[in-house]
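The block underneath contains the structure these notes are about, expressed in structure tokens.
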Amino acid sequence: MSLLLIALLFVAGFLSGAINAVAGGGTFISFGALSLIGVPPIVANATSSIAQLPGYLTSSLAYLKDIRKFWRSALVLAAVSVVGSLGGALFLLYLDNEEFASLVPWLLLAATALFAAGPWIAPSRDRDEAAPRSRIAGPVVQFFTAIYGGFFGAGMGIMMLATLGLTESGDYHRLNALKNVLANVIAIIAIVVFVSGGVVYWVGALAMIPGVALGGYAGVWMARRVPQVAVRCFVVAVGLFLAFYYFVTG
């Protein structure tokens with residue numbers, strides 16, 4: 001890989017980290033950059049998952065106090081997330097690049113629509129404590145969310161925050177902390193499968209990871225100065241462009 005491509009992937013990682021810090025949706029950038037330089041879609045998906053992991057980990061650190069309070073009650077959701085993510089990642093490896101490429105534009109359209117609807121489907125930030133919900137609905141819904149996360153992952157955080165708001169009790173911050181923990185579980189399991197399957201483009205991942213870390217830090221500055229709606233529109237535009245790209249090339 002040339003130094004120019006490494007630099008471009010670093011910039012893509014930086015943008016994805018910053019966008020995740022402001023509005024979410026950074027996976028569109030990292031997956032898109034890898035796709036556009038010719039990385040096969042399965043490898044691009046796996047590599048993007050690895051590049052985004054540092055952001056998942058650092059976002060959980062901000063909620064460490066909250067996590068300490070509820071981690072025991074989250075074990076069931078974490079367990080079904082392991083199984084779901086494992087199933088989704090293994091199903092991805094079962095497909096070949098042509099089969100996955102035919103699914104990617106539809107997945108991107110669905111993830112873009114989900115991302116665009118994020119402000120309306122996510123739980124309110126002033127949400128109060130709610131009565132306990134069904135003990136069955138939460139794990140079942142989380143299992144299917146984890147399958148999606150292990151298989152593709154774009155828009156997973158928004159999807160999970162919305163489903164947790166429907167199935168779990170607690171205020172917004174508890175739900176967001178729980179979402180971050182489960183996102184880590186899903187990502188780590190999927191990454192273990194992808195690494196074992198040999199579908200990771202390590203040069204691209206190593207070029208992106210420092211950019212993601214720096215972008216996540218810069219995103220705090222960005223969040224104070226750039227309207228979230230502008231970032232959200234940019235991510236939606238990228239998602240639609242990538243869907244069109246895969247419709248044409250896939």
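The values are calculated or read from the model by the stated rules, or taken from the named source; none is laboratory data. Treat the numbers as computed from the prediction; the structure is a model and nothing was measured. Using ideal geometry, Cβ is built from the backbone for each residue, glycine included, and neighbour counts are taken over all protein chains shown. Ligands, DNA and RNA are stripped out before the accessible areas are found, and what is left, the full protein with its side chains, is counted by its heavy atoms. Shrake-Rupley method; radii C 1.70, N 1.55, O 1.52, S 1.80 Å.
Legend: calculated FRET efficiency, ASP96 to TYR245, from the Cβ-Cβ distance at R0 = 22 Å, rounded to 0.05, equals 0.70. Percent of accessible area on the chain owned by carbon and sulfur, 1.4 Å probe? Of the solvent-accessible surface of the chain, carbon and sulfur hold 71 percent. Exposure check, 1.4 Å probe, all protein chains in place: PHE241 carries approximately 110 Å² of accessible surface. Fully extending the segment from LYS69 to VAL236 would add 56.6 nm, taking 0.36 nm per residue of separation and subtracting the current Cα-Cα distance. The 1.4 Å probe gives accessible areas that order THR163, THR112, THR58, largest first, as THR58, THR163, THR112. Each eigenvalue of the Cα gyration tensor of the chain, multiplied by 5 and square-rooted, gives one semi-axis; in descending order these are 28, 21, 17 Å. Against the main long axis of the alpha-carbon atoms of the chain, helix 156-167 sits at an angle near 20°. Here is the list for segment 52-103: trypsin sites (Lys or Arg not before Pro) lying in DSSP coil, each with at most 12 other C-beta atoms within 10 angstrom of its C-beta, are ARG72. Computed 3J(HN,Hα) for segment 33-47, one whole-Hz value per residue from the Karplus formula 6.51 cos²θ - 1.76 cosθ + 1.60 where θ = phi - 60°, is 4, 5, 5, 6, 8, x, 6, x, x, 5, 5, 4, 5, 5, 5, glycine and proline marked x. With contacts taken as Cα pairs under 8 Å and at least 6 residues apart, the chain reaches a relative contact order of 42 percent.
For the pair segment 40-108 / segment 135-213, the C-alpha centres are spaced 4 Å from each other. Normalised per residue, the accessible area of segment 3-249 is 47 Å², obtained with a 1.4 Å probe and no contribution from ligands, DNA or RNA.
Relative to the longest principal axis of the Cα atoms of the chain, the long axis of helix 172-196 makes an angle of roughly 40 degrees.
Zone of LEU5 (label point 7 Å along Cα→Cβ, backbone N under 13 Å): which residues in segment 211-250? Counting backbone N atoms under 13 Å from the label point, the list is empty.
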